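**Student:** Got a structure for you, questions after.
Derivation of every value follows stated rules applied to the coordinates shown; laboratory data play no part. Given the structure is predicted, the values throughout are model-derived calculations rather than measurements. When we count neighbours, we look across all protein chains shown, and the Cβ atoms used for this are built from the backbone with ideal geometry, even at glycine.
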Amino acid sequence: MGSYELALNNGKLFFNNSFIDANIAVLDGRIAEIKKVEIQDAEQIIDCKGKLILPGIIDAHVHFRVPGNEKKEDWVSGSKAALHGGVTTVLDMPNNNPAITTADLLEQKRKLVEKDSLINYGFHFGVSNGNSRELKNARNIASFKLYLGSTTGNLLVNDDSALEKCFEIASLKSKMIAVHAEDEKIILQNAKKFQNESNAKVHNKIRTVEAELEAIKKAISFAKQFKTRLHICHVSSKESLFLIQEAKKSGLHISCEATPTYLFFDESDVGKKGCLLKVNPSIKTEKDRKALWFGLNTSQFDIIATDHAPHLLEEKQQDYWKVPSGIPGIETSLSLMLDASEKRLIQLEKVIKLMTENPAALFKIKNKGKIEKGYDADLVVVDLKKEFVVKNDELFSKSAWTPFEGLKLKGKVEKTLVKGSLLFDNGDIIINKNKESKANLEVGYYG
Ligand code: NCD
Ligand code: ZN
């Protein structure tokens, strides 16, 4: 019997913004020690020679479909998909069925998730046209999620007085408003105009850059008025990113998120992959894609999140107007970004911060996002040199497809640990029934 429950020896750890050769001892699900000497007195010892050890990835934008759409994803399949992608914490969106717009519905969702989750989780809370009282009552949430344009689910706020209330309450509660920024009026006008087209490419004639800009402008003006913390989800265009930077410079407390979908695809891919790439916001031009990379490299983005939005392949293979918007992404995001760093598109250190420390800080998640004594032992072991081909039949998500199928990537997730438990190892999910179930996987927030 060792005095620690687990040791990870001989790895290269991401520590204090750089890489060090060191060993990690875990006790009670936390990082107990980080030592220069190898650790021998542990019940389980994992040798990480030649591997990188990163903080577990925090994905602040996922859609795990509980409750109401479990055929696309349930919390077990979503958890497994996360572990495969090196993700140890998710913040789940409220566009469920029913949408999570009351404190009661949130508590019900909490119970469902609590019994199934293999990973740490938190919840965004939905804003509707008439739920200001519920916004006041919701407890332990990551943000108020505001949809300014309609998308999967039925969460849309198109009433300015409801908007005002939500910005006011968020400000009073010191909560962030996370916005899906596409303007509903522009979307509807364009949808009518192009109603006779059915090629997947029509999607960005409907959901235009102007639609995104208009919604961001609106959110910024309310945030300025009420001094509300604002977060713009999945930014898809150059102009939008510029607008957000201008608002930042003018003193607004605003942040934004980059999504791999918009970094790795542009409209030329939509021509090839069709409605598999139907997603909201729409995928824009090469110019936009390049500007987003530039933004990522110049610290204009605060976090990377996946917007993991699973839909079944048969749903994605229908006529354009019937296809639901959204692309699964939680299983591929870390490898895509590691591969990008290998190709020198971005610095590895930047990638890691954007996927771990930054989301923890932005959403004020306690004890996560860093490898540090006292922090939760949420860890991912990666092999930076390992090449592999992305394959649909290796995915754990119920959606079981990825637009990256067939792509060769360098940088593979080898092991994923949640609060000190090894739950993913070399392609397999490990469910250790003997180990008593871990206390509580719901994240807490500080401040
Ligand atoms: C998301 C989904 O399917 O839940 N779809 C999408 O196109 N991104 C909803 C959303 O985040 O807009
Ligand atoms: Zn969205």
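**Student:** Restricting the search to segment 135-154, which residues are within 13 Å of ligand 2 (Cβ to nearest atom) and closer than 22 Å to Phe363 by Cα?
**Tutor:** Selection gives Ser143, Lys145, Leu146, Tyr147, Leu148.
Residue by residue, here is whether (1) within 16 Å of ligand 2 (Cβ to nearest atom); (2) without any contact (Cβ under 8 Å) to a residue 24 or more places away in the chain; (3) basic (Lys, Arg); (4) closer than 22 Å to Lys364 by Cα holds:
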site	(1), (2), (3), (4)
Ile53	no, no, no, no
Phe64	yes, no, no, yes
His84	no, no, no, no
Asn96	yes, no, no, no
Ala99	yes, no, no, no
Ala103	no, no, no, yes
Leu106	no, no, no, yes
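**Student:** Would you check which residues across segment 392-417 are among the β-branched types (Val, Ile, Thr) and out of contact with any Gly (no Cβ under 7 Å at 6 or more places or on another chain) and list them?
**Tutor:** Of everything in segment 392-417, just one residue is among the β-branched types (Val, Ile, Thr) and out of contact with any Gly (no Cβ under 7 Å at 6 or more places or on another chain), namely Thr402.
**Student:** While we're looking at this one, here's another question. Could you please find all residues in segment 154-175 being surrounded by 17 or more Cβ atoms within 10 Å (Cβ to Cβ) and within 16 Å of ligand 1 (Cβ to nearest atom)?
**Tutor:** Result: Leu155, Leu156, Val157.
**Student:** Ser174 is checked against (1) in a loop (DSSP other than H, G, I, E, B); (2) over 25 Å from Pro324 (Cα atoms); (3) within 16 Å of ligand 2 (Cβ to nearest atom) and fails just one. What number does that condition carry?
**Tutor:** So the condition that Ser174 fails would be (3).
**Student:** Given the conditions (1) farther than 29 Å from Glu349 by Cβ; (2) away from ligand 1 (no atom under 11 Å from the Cβ); (3) buried (at least 22 other Cβ atoms within 10 Å of the Cβ); (4) not aromatic (Phe, Trp, Tyr), which single one is not true for Ile254?
**Tutor:** (1)
**Student:** Restricting segment 135-151 to residues that are in a loop (DSSP other than H, G, I, E, B) and among the polar types (S, T, N, Q), which is surrounded by the fewest Cβ atoms within 10 Å (Cβ to Cβ)?
**Tutor:** Among them, the one singled out is Asn140.
**Student:** Let me ask something else. Say we look at segment 276-292 and pick out the residues that are outside any loop (DSSP other than H, G, I, E, B) and crowded, with 17+ Cβ neighbours inside 10 Å; which of these is nearest to ligand 1 (Cβ to nearest atom)?
**Tutor:** Leu277
**Student:** Pairs only if they're at least six apart or on different chains, beta carbon under 6 angstrom, first in segment 277-296 and within 17 Å of Ala215 (Cα to Cα), second of a type in the set (Phe, Trp, Tyr); list them, first residue then second.
**Tutor:** Ile283/Phe265
**Student:** Which one of Ile352, Ile304, Ile346 is within 16 Å of ligand 1 (Cβ to nearest atom), under 27 Å from His253 (Cβ atoms) and not small (Gly, Ala, Ser)?
**Tutor:** Exactly one of Ile352, Ile304, Ile346 is within 16 Å of ligand 1 (Cβ to nearest atom), under 27 Å from His253 (Cβ atoms) and not small (Gly, Ala, Ser), namely Ile304.
**Student:** Specify the residue that is farthest from Asn358 (Cα to Cα); the eligible residues are those in segment 293-309 that are away from ligand 2 (no atom under 14 Å from the Cβ) and buried (at least 20 other Cβ atoms within 10 Å of the Cβ).
**Tutor:** Only one residue fits best here, namely Gly295.
**Student:** Then there is this: Applying the selection to segment 196-230, what residues are within 21 Å of Ile283 (Cβ to Cβ), of a type in the set (S, T, N, Q) and outside any helix (DSSP H, G or I)?
**Tutor:** Ser198, Asn199, Thr208
**Student:** Next up: Quick test of your reading of the structure: Gly122 fulfils all but one of (1) under 18 Å from Val418 (Cβ atoms); (2) within 16 Å of ligand 2 (Cβ to nearest atom). Name the failing condition by number.
**Tutor:** (2)
**Student:** For residues that are closer than 19 Å to Asp116 by Cβ and assigned to a strand (DSSP E or B), scanning just segment 48-98, find the one that is farthest from the chain's Cα centre (by Cα).
**Tutor:** Thr88
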